[in-house]
């Protein structure tokens with residue numbers, strides 16, 4: 001199998017697994033939200049935001065650094081994985097203590113309703129521990145990615161989604177308290193982590209268990225910038241409920257989160273494709289040729305070209321989609337009237353995140369992880385400032401404007417930093433032309449959809465590809481990569 005075909009196979013495996021996973025979990029989440037009242041639904045959003053903020057940060061950076069080390073030095077890969085396991089375990093123990101204390105403090109000081117207070121504390125603790133237990137699966141995932149065995153990880157990911165969705169569906173039918181959902185998720189994900197590590201050892205590689213604290217500390221220190229960047233990325237997606245609750249009121253959280261929670265799930269697409277290409281990008285970053293720029297540009301552009309028509313379809317169908325993401329609360333129409341206005345801005349912000357998510361891999365491959373921290377920091381600071389100002393001035397819709405501005409800043413600042421170190425990409429071809437195609441398609445599709453939903457969908461599927469071809473958005477080198485995937489050995493893009 002040629003290198004390009006292997007990359008495509010791995011990316012497709014993870015993409016299909018994530019599509020299955022997101023679809024199954026989406027059905028499970030709908031089942032859950034259908035029986036939650038508005039107050040408990042807001043608690044659910046707060047719990048998920050809190051747990052992600054506490055748990056998903058520095059370990060992600062250690063995983064990225066480890067994958068790069070293993071990909072460029074397979075001979076010592078087992079030792080690097082062993083170090084990752086030690087560092088992840090120590091970090092998880094520290095964060096568990098912080099998470100438990102923070103959940104109790106936040107629940108008792110920020111939530112007035114005693115019922116919601118107790119449910120939040122129990123739910124936040126169990127869901128945070130679920131994330132931290134997942135560090136074991138993420139460490140195993142580093143082995144799958146570095147050794148390019150992503151089909152195994154994909155199968156396990158799909159299995160996990162069915163397990164979690166089963167909890168949502170069964171628990172909703174039994175009318176469990178919110179904390180009981182998260183308790184069962186904790187148990188099932190512990191079983192999942194054990195299974196993932198058995199598969200890693202049986203089919204990929206056995207991590208070297210001669211742990212050294214100094215090696216673990218060096219790994220943590222080396223990935224510190226990426227850890228901060230991941231923490232900021234988590235803040236970027238999760239900070240809106242906190243600002244909205246503080247400025248506009250707790251009851252307004254759902255107006256933004258209903259649209260945001262649905263659309264940000266689609267970030268799984270770049271996050272699925274990115275790991276498949278990262279080992280190759282890490283090797284090509286050390287070469288003197290321009291192949292690194294060719295692969296980087298192709299990856300970012302193809303993801304953006306996938307994101308735009310997908311988001312346009314979701315935007316024009318928002319009146320039919322949003323009613324599915326709601327509780328049975330009788331104030332549905334009042335709560336979601338503003339959500340319909342928020343939806344298009346969040347959708348375009350998610351579309352921009354497709355290429356911007358790739359920047360992290362490029363910076364790590366180029367041994368410039370600090371650039372990832374700089375770009376995300378600039379975006380999140382802008383987001384915080386805009387949320388504070390705009391939510392006060394114009395309400396919840398201000399958070400949507402901030403989300404779009406944040407992704408715009410991250411993407412263009414990142415492209416500037418690449419240009420600064422001599423690895424610049426073509427901004428017009430990568431961003432401007434695809435965006436123009438998307439804006440024109442969005443305008444025409446909204447008009448066609450007003451006559452019939454099928455006309456709107458067909459206009460997107462026909463107009464956007466025609467505009468991409470007419471404006472020559474895809475370069476000959478990028479077409480060559482696509483041809484190599486379809487017909488191996490047909491051009492010089494093949495890397496044995």
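Side notes on the structure shown:
- Segment residue 73..residue 319, full-extension length gain: 83.4 nm, with 0.36 nm per residue of separation and the alpha-carbon distance subtracted.
- Förster radius 51 Å - calculated FRET efficiency between residue 151 and residue 381 (Cβ-Cβ, nearest 0.05): 0.80
- On full extension, the segment bounded by residue 458 and residue 483 gains 6.4 nm, given 0.36 nm per residue less the C-alpha separation.
- The peptide list 152-164, 421-433, put in order of mean Cβ contacts within 10 Å with the highest first, becomes 152-164, 421-433.
- Computed over the chain: relative contact order in percent, which uses C-alpha pairs under 8 Å that are six or more apart: 22
- Treating r as the C-beta distance of residue 439 and residue 211 and R0 as 60 Å, the FRET efficiency rounds to 0.65.
- Label zone of residue 9 (point 7 Å out along Cα→Cβ, amide N under 18 Å): in the stretch 134-148 this covers 144-148.
- Rounded FRET efficiency, nearest 0.05, which uses the C-beta distance separating residue 393 from residue 289 and R0 of 45 Å: 0.30
- In this simple spin-label approximation, residue 110 and residue 31 carry label points 7 Å from Cα along the Cα→Cβ vector, and these lie 3.0 nm apart.
- Radius of gyration and Dmax over the Cα atoms of the stretch 1-222, both given in Å: 18.8, 60
- In the chain, the DSSP-assigned H stretches of four residues or longer account for a calculated mean residue ellipticity at 222 nm of -28500 deg cm²/dmol, using -39500 (n - 2.57) per stretch and the full residue count as denominator.
- Our summary gives the stretch 1-222 a relative contact order of 37 percent, counting only alpha carbon pairs under 8 angstrom and 6 or more residues apart.
Here, each number is a calculation from the coordinates, and none is a lab measurement. Remember, predicted model here, so these are calculated numbers, not experimental data. We place every Cβ from the backbone using ideal geometry, glycine too, and count neighbours over all the protein chains shown.
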